[in-house]
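Written out below as structure tokens is the structure these notes cover.
The values are calculated or read from the model by the stated rules, or taken from the named source; none is laboratory data. Quantities reported herein were computed from a predicted structural model and do not represent experimental measurements. Because the Cβ atoms are built from the backbone with ideal geometry, glycine has one as well, and the counts that use them run over all protein chains shown. Please note that ligands, DNA and RNA were not included when accessible areas were found on the heavy atoms of the full protein model with its side chains. Shrake-Rupley method; radii C 1.70, N 1.55, O 1.52, S 1.80 Å.
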Amino acid sequence: MHISLPKLLTISMFLLLVTMAFAADETPKPVSNSNLLEDRDVLAEYDGGKILRSDIQAKIAKIPPAHQGRYQTIDGQLQVLDIICTEEVFFQKAKQLGIDKSPEVLERLEDLTRRFYLQEYYKRNVTDLIEITEVDLQKYYDENLKLFYMNPNITIEYIQTETEQDALDALAELEAGASFAEVSDKYNQNTYARGLKGVIKHIRLNGNIPGVGNDAELEEYIGQSKVDPEHCNGPYQTDSGWHIFRTVARVEGRQKEYLEVRPEIEQRLRPILEREKLEEIREELKQKYEVQIHEGIASSIDLKNKDNNAENIYNVVVYSPHDDLIYTIEDVLTAYNKLSPQEQIFYLKGEGAIAFIDQILIQDLFYIEAKAQNYDQYFVDNEDYQMMRHNIILRRAYEILVLDKIEVSNEEIAARYELDKEKYAIPASRSIQVLFFDDDKTANKAWRKFKSAHKKGNKKEMQKLVEKYSTKPEKSIFENQYDNGIVTGLVQDAEFSRKIWDNPVGYLSEVFTAANGDIVFFHTLSETPKSYRPQVEVEPRIMSTIKQEKERSQQDKVAEELFAEFHLVKYPERIRLTLSAEELFEYADNATRNRNYKDAVVFYDQIIENYDNGVDDYKAFFMKAFLVAEEMKNEDLAVQLFQEFLTRFPEGDLHESARFMIDSIEGNLEGFEEFED
């Protein structure tokens, strides 16, 4: 729907009036959901427990703030209630089956507890003890001035060629007065620079030239050059080719002031001080627990080829009177195998087994010392810790009751492949040859000659004509043309695309102007017919889809069974809207700004349903209709909503605006001038 400037101004005016009209109404009117709410209100109960309103709010509080609003609506709270109910009956079943006492779960819980011990020890003995003074910050700044130096920012016009002769030819044309963009298009072998008409910005003399890469010699030439938009530097030869450039702008580097970078200094200094503190504690704990590392044995461990350690697998590499601090090579390799591939690569490319042993030793020392100092007192009642314990048990119950019950047969995969085969289709594509021209006269002359050669099937003659007449002879073949209104590699042009597909292979078009202004003609070279990706290629996707479907079905089935087993009863009628109309309007406005229009409609609906006081619902109904029309572009629904708005609210300041919107959508704006007046 096209909207003229006068219309936009008019719409803006009545939206402003909407805001002013309702801001002026300072007297709140009674609403239907004004009952007092208690956190202890029971929203569901089951054998062994209850779910309270406070549980719903606590769950919503864990959601990222940007998404909390939608779950504060009645529908959102009902969704959260369903989630909590499902989690609670799964947890009850887990305890009934002894899943919470199973070896696998106990191991996961022990790993979790260990992480919290380490976290608390590090916090209380490292992080919390680091004090950074102004003297420390100033000293770091003075000793590391290079870190806080802002490099120059240089802009150049640049051409890269393969040969010296090309560079000299380009230079000659530039000195003869040709524009840099034209010469760049003709000679530039650097696709990045050529795409920007030869202009490269943000050269910071930091070892990397944008679009060129690492070329220290060229960077030095650029750094030593003076700003002169008329003077060409070069040709220079480096390992990356021949170079010509003009330095057109330069912002000199400068030393940043201390106060300007103070926050950055602290960010850099803190990790350094923490590492020093960590090393200090490590040495203290090694002495306390009499730890000895056999460097020779440690350096002999082969992390990459583990079979090479077979003869010495039981050799002790770390010794201590404390049994948990005795490591054999086998222990080290077992711990290493638990790392992710990315973590393993870190040690393989770094200091190898010695660094890895050092890391696990630090963690074990911290853990043992934290347990000895009863650090569990700091986290055992922590809400996050308890929630993570709960989730570990819940996850294992879900695996046993849902995931482990799912099987997907080869027959199911084959049947689904046939059913959804079109999803895996590769559409037919064509290849074309296009000739480009600057004017119709040349194009038609070339077309007549090309037509004659085309009729005779003389490919050699056609290629000569391409090279002689086309302005882009090096770029004439365009493959992968699909029947989608886009000419791949050229332009979005439905008419051009139709010419390709409405005619047979071998077709020679007339001369015409493409949507981007190019004067062209083309002929169709070949067609690749429609095909299908083989089942073996898409099998993982199919299996994943079927598994997800079965998982949802199995979860719903098990949940219903557990609801019955534990006599769960929900009280959805006790859900109440806790947000004020003002808060809902704010959420709707934020959602609209973030283009989350569906969420905005949900918030307006909540106002309409729960604040039917003739003021809030009136404004919300209009804004919903306006949003559907202007942002969601659903004109049929918008007209329906505006008409319903006029019927539901017989009087109001926004009626004329609503009628205007209906007329605008339906194209009945003959009286627009009068409306403006």
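Amide H neighbours of residue 612 under 5 Å, counting only residues 5+ apart in sequence or on other chains, H built in-plane at 1.01 Å?
32
Once you compute Rg and the Kirkwood Rh from C-alpha atoms, what is the Rg to Rh ratio for region 268-340? Provide the component values of the computation, followed by the final result.
On the way: Rg = 14.9 Å, Rh = 14.0 Å.
Radius of gyration over Kirkwood radius for region 268-340 works out to 1.07.
Pairs of Cα atoms under 8 Å, at least six residues apart: use those to get the relative contact order of region 490-578, whole percent. Don't skip to the end; give the middle numbers.
Working: 39 pairs, mean separation 15.3, N = 89.
Relative contact order for region 490-578 comes out at 17 percent.
Tell me, rounded to the nearest percent, the portion of alpha carbon pairs in region 445-521 spaced more than 19 Å apart.
Numbers: 1111 of 2926 pairs.
Pairs farther apart than 19 Å: 38 percent.
Kindly flag which residue pairs out of 445/472; 59/633; 338/423; 95/570; 62/277 have an alpha-carbon separation exceeding 27 Å in this structure.
On the way: 445/472 17 Å; 59/633 35 Å; 338/423 39 Å; 95/570 22 Å; 62/277 34 Å.
Cα-Cα > 27 Å for 59/633; 338/423; 62/277; rest within.
Which net charge results for the neighbourhood of residue 347, defined as the other residues with beta-carbon distances under 15 angstrom from its beta-carbon, given Lys and Arg at +1 and Asp and Glu at -1? All intermediate terms of the calculation are to be shown ahead of the outcome.
Numbers: positive: 304, 306, 338, 349; negative: 302, 343, 351, 358.
The answer is 0.
Which cross-chain or sequence-distant (5 or more) residues have an amide H under 5 Å from the amide H of residue 199, H modelled 1.01 Å from N in plane?
158
Just to check I understand the Karplus step: with θ = phi - 60° and J = 6.51 cos²θ - 1.76 cosθ + 1.60, what whole-Hz values come out for region 218-230, glycine and proline as x?
5, 4, 5, 4, 5, x, 8, 6, 9, 5, 7, x, 9
Between region 436-464 and region 287-350, what's the alpha-carbon centroid distance in Å?
74 Å
Quick one: 3J(HN,Hα) in Hz for region 337-343, Karplus 6.51/-1.76/1.60 with θ = phi - 60°, rounded, Gly and Pro as x.
5, 7, 6, 6, x, 5, 5
Sum up the charges of everything whose Cβ sits under 10 Å from the Cβ of residue 362, counting Lys and Arg as +1 and Asp and Glu as -1, but leave residue 362 out.
On the way: positive: 282, 286; negative: 279, 358, 364.
Taking every other residue near residue 362 into account, the sum is -1.
Starting from 0 in steps of 5 Å, tell me what percent of the Cα-Cα pairs of region 133-264 lands in each bin.
Here the calculated profile for region 133-264 is 2, 10, 19, 20, 15, 9, 7, 6, 5, 4, 2, 1, 0.
For the modelled label position 7 Å from the Cα of residue 508 along Cα-to-Cβ, which residues of region 410-434 have backbone nitrogen atoms closer than 20 Å?
Once the point is set 7 Å along Cα→Cβ of residue 508, 431-434 turn out to lie under 20 Å by backbone N, inside region 410-434.
How much of the accessible area of region 584-642, in percent, comes from carbon and sulfur atoms when a 1.4 Å probe is used? Let's see the in-between values first.
On the way: 1070 of 2630 Å².
Using a 1.4 Å probe with all protein chains present, region 584-642 comes out at 41 percent carbon and sulfur.
Keeping the other protein chains in place, figure out the carbon and sulfur percent of the accessible area of region 84-226, with a 1.4 Å probe.
Details: 3740 of 7750 Å².
Solvent-exposed carbon and sulfur of region 84-226 make up 48 percent of the total.
Please give the net charge around residue 52, taking every other residue with its beta carbon less than 15 angstrom from that of residue 52, where Lys and Arg add +1 and Asp and Glu add -1.
On the way: positive: 40, 50, 53, 59, 570, 574, 576; negative: 38, 39, 41, 45, 55, 87, 88.
Value of the local net charge: 0.
Could you give the semi-axes, largest first, of the ellipsoid that matches region 65-224, computed as the square roots of 5 times the alpha carbon gyration tensor eigenvalues and rounded to whole Å? Show your work: numbers first, answer last.
Details: eigenvalues 767, 177, 67 Å².
Those come to 62, 30, 18 Å.
Name the long-range amide H neighbours of residue 44: under 5 Å, sequence gap of 5 or more, or other chain; modelled H, no Pro or chain starts.
So residue 44 has HN proximity to 51, 571.
Provide the per residue accessible area, probe 1.4 Å, for the chain, rounded to a whole number of square angstrom. All intermediate terms of the calculation are to be shown ahead of the outcome.
Numbers: 39040 Å² over 677 residues.
Value returned for the chain: 58 Å² of accessible area per residue.
Between residue 589 and residue 339, what is the label-to-label distance in nm when each label sits 7 Å out along the Cα-to-Cβ direction?
5.3 nm
Which of the trypsin sites (Lys or Arg not before Pro) across region 449-525 are loop residues per DSSP, with 12 or fewer other Cβ within 10 Å? Before the final figure, lay out each step's value.
Details: sites: 449, 451, 455, 456, 459, 460, 464, 468, 475, 498, 499; in loops: 475.
Counting only loop positions with at most 12 other Cβ atoms within 10 Å, the trypsin sites (Lys or Arg not before Pro) in region 449-525 are 475.
Enter the mean projected area of the convex hull around the alpha-carbon atoms of region 566-607, in nm², rounded to one decimal.
On the way: hull surface 16.5 nm².
That works out to 4.1 nm², a quarter of the Cα hull's surface.
Let me check against my output: what whole-number percent is the relative contact order of region 424-519, with C-alpha pairs under 8 Å and at least 6 apart? Each step should come with its number before you reach the end.
Details: 113 pairs, mean separation 32.8, N = 96.
Computed value for region 424-519: 34 percent relative contact order.
For the chain, what value does the Rg/Rh ratio take when both radii are computed over Cα atoms and Rh is the Kirkwood radius, given to two decimals? Let's see the in-between values first.
Details: Rg = 36.3 Å, Rh = 34.8 Å.
My calculation of the ratio gives 1.04.
Step through the residues of region 630-640 one at a time and calculate ³J(HN,Hα) from phi using the Karplus curve (6.51 cos²θ - 1.76 cosθ + 1.60, θ = phi - 60°), rounding each to whole Hz and writing x for Gly and Pro.
Each residue of region 630-640 in turn: 7, 9, 8, 6, 9, 5, 4, 5, 4, 4, 4 Hz.
For region 550-677, what does the convex hull of the Cα positions come to per residue, in cubic angstrom?
Working: hull volume 21.5 nm³, N = 128.
Cα-based convex hull of region 550-677, divided per residue, equals 168 Å³.
How high is the relative contact order of the chain, in percent, counting Cα pairs under 8 Å that sit 6 or more residues apart? Please list the in-between numbers first.
Working: 775 pairs, mean separation 102.9, N = 677.
Reported relative contact order: 15 percent.
Once you sort the root eigenvalues of the Cα gyration tensor of region 208-277 as a ≥ b ≥ c, which label holds: rounded (a/c under 1.5), prolate (a/b larger than b/c) or oblate (the other case)? Display every interim value, and only then the final one.
Values: a/c = 4.91, a/b = 2.13, b/c = 2.30.
Note, shape of region 208-277 comes out oblate.
Within the accessible area of region 242-385, what % is carbon and sulfur when the probe is 1.4 Å and the other protein chains stay in place? Before the final figure, lay out the partial values.
On the way: 3980 of 8580 Å².
That fraction is 46 percent.
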